[in-house]
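Asks: One structure, as structure tokens, below. Some questions next.
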Amino acid sequence: MATPSEKQPWRKILYEPQPYPDNYVDSSFLEELKKNLHVQTYDKKTLMFEAANLSQQINSISMFVTMYFYMEDQTASPQTLWCVAFVATIAGYLLNLAICRQQGANFSCNLCE
């Protein structure tokens with residue numbers, strides 16, 4: 001047991017009282033620090049692709065809810081919403097075709113990646 005004039009060595013524990021202030025940090029505090037042990041790096045293309053997938057799912061759900069409320073309030077008929085969805089689908093495929101032709105790739109360049 002230590003005499004009152006000498007202090008016990010500081011230990012990195014919280015469950016026992018120590019003769020040090022609560023915010024005391026010893027020089028050995030960071031000796032066992034391990035940084036970035038399990039870091040995964042991602043390339044930009046993968047991140048953009050995954051973000052687009054998430055965005056597509058969120059947009060699909062919000063479009064479904066919006067269409068539901070339009071039909072519930074009888075603001076739009078199911079036939080009108082079907083026609084709008086059909087035109088939007090055709091426009092999306094034509095846009096994909098134009099982008100792929102501009103890049104010199106085949107039509108399914110952005111569909112299957």
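Asks: For TYR24, which of the numbered conditions (1) at pLDDT 90 or above; (2) among the hydroxyl-bearing types (Ser, Thr, Tyr); (3) surrounded by 10 or more Cβ atoms within 10 Å (Cβ to Cβ) fails to hold?
Replies: (1)
Asks: Moving to a separate point now. Pairs under 8 Å by beta carbon, first residue closer than 12 Å to MET67 by Cβ and without any contact (Cβ under 8 Å) to a residue 60 or more places away in the chain in the range 77-100, partner of a type in the set (Phe, Trp, Tyr) and surrounded by 11 or more Cβ atoms within 10 Å (Cβ to Cβ), six or more apart or different chains?
Replies: LEU81/TYR70
Okay, residues lined up against (1) under 30 Å from LYS12 (Cα atoms); (2) among the acidic types (Asp, Glu):
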{"position": "GLU31", "(1), (2)": "yes, yes"}
{"position": "VAL39", "(1), (2)": "yes, no"}
{"position": "SER55", "(1), (2)": "no, no"}
{"position": "GLN74", "(1), (2)": "no, no"}
{"position": "PRO78", "(1), (2)": "no, no"}
{"position": "ALA88", "(1), (2)": "no, no"}
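Residues checked against (1) hydrophobic (A, V, I, L, M, F, W, C); (2) at pLDDT below 90:
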| site | (1), (2) |
| --- | --- |
| LYS44 | no, no |
| PHE69 | yes, no |
| ALA76 | yes, yes |
| TYR93 | no, yes |
| CYS112 | yes, yes |
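Asks: Against the definition (over 30 Å from VAL84 (Cα atoms), among the hydroxyl-bearing types (Ser, Thr, Tyr) and part of a helix (DSSP H, G or I)), how does THR41 come out, yes or no? Break it down stepwise before answering.
Replies: Values: over 30 Å from VAL84 (Cα atoms): yes; among the hydroxyl-bearing types (Ser, Thr, Tyr): yes; part of a helix (DSSP H, G or I): no.
No, not satisfied.
The values are calculated or read from the model by the stated rules, or taken from the named source; none is laboratory data. Remember, predicted model here, so these are calculated numbers, not experimental data. As a convention, Cβ positions derive from the backbone with ideal geometry for all residues, glycine included, and neighbour counts pool all protein chains shown.
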